[in-house]
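Down below is the structure, laid out as structure tokens.
The values are calculated or read from the model by the stated rules, or taken from the named source; none is laboratory data. Predicted model only: the values in this text are computed from it and were never measured. Glycine also receives a Cβ, built like all others from the backbone with ideal geometry; neighbour counts cover every protein chain displayed.
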Amino acid sequence: MPQYYMHLFNDEILRDQSGASFPDEQAAREGAIRAISELIAEHIVAGQPVDLSNRIEVEDDRGDVVETIKFGELFRGTASA
């Protein structure tokens, strides 16, 4: 199973050294979305702001970035008065 690395870009750059195995790029993308959701939830629970421009880059085992997902891509909704 291919290895993918999820590098976090927020106030600093945290490079994933160990990676995780996923069957394909779509599964790796879904894993990155879960990781971002958990990070956002941790910030909300702690009362910390969430920077929607933060991102995770998913890199394959050849060193190619196959996905870039910004935190802001996970928010959907409408404003109400």
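Details
- Residue tally, condition assigned to a helix (DSSP H, G or I), among the polar types (S, T, N, Q) and more than 10 Å from the chain's Cα centre (by Cα), over the range 26-61: 1
- Test: residue in the range 16-33 that is surrounded by 15 or more Cβ atoms within 10 Å (Cβ to Cβ) and either among the aromatic types (Phe, Trp, Tyr) or at positive phi (or both): yes
- Against the test of being out of contact with any helix residue (DSSP H, G or I) (no Cβ under 8 Å at 6 or more places or on another chain), β-branched (Val, Ile, Thr) and modelled with pLDDT of 95 or more, the options VAL58, VAL45, VAL66 yield a single qualifying residue, VAL45.
- Some residue of the range 11-23 being in contact with a Pro (Cβ under 8 Å, 6 or more places away or on another chain), within 17 Å of LYS70 (Cβ to Cβ) and either of a type in the set (Phe, Trp, Tyr) or not in a strand (DSSP E or B) (or both): no
- For the range 65-74, the set of residues classified as aliphatic (A, V, I, L, M) and free of Cβ contacts under 8 Å to residues at least 60 places away in the same chain consists of VAL65, ILE69, LEU74, listed by residue number.
- Hey, ALA41 in contact with a Phe, Trp or Tyr (Cβ under 6 Å, 6 or more places away or on another chain), among the small types (Gly, Ala, Ser) and surrounded by 11 or more Cβ atoms within 10 Å (Cβ to Cβ) or not: no
- GLU73 vs. criteria in contact with a helix residue (DSSP H, G or I) (Cβ under 9 Å, 6 or more places away or on another chain), among the acidic types (Asp, Glu) and outside any strand (DSSP E or B): yes
One line per residue, one yes/no per condition, for (1) within 22 Å of ARG76 (Cα to Cα); (2) in contact (Cβ under 8 Å) with a residue 12 or more places away in the chain:
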| position | (1), (2) |
| --- | --- |
| ARG15 | no, no |
| ALA27 | yes, no |
| GLY31 | yes, yes |
| ILE40 | yes, yes |
| ILE44 | yes, no |
| ASN54 | yes, yes |
| ASP60 | no, yes |
| GLY63 | no, no |
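- Filtering the range 39-74 to residues that are polar (S, T, N, Q) and out of contact with any strand residue (DSSP E or B) (no Cβ under 7 Å at 6 or more places or on another chain) leaves only GLN48.
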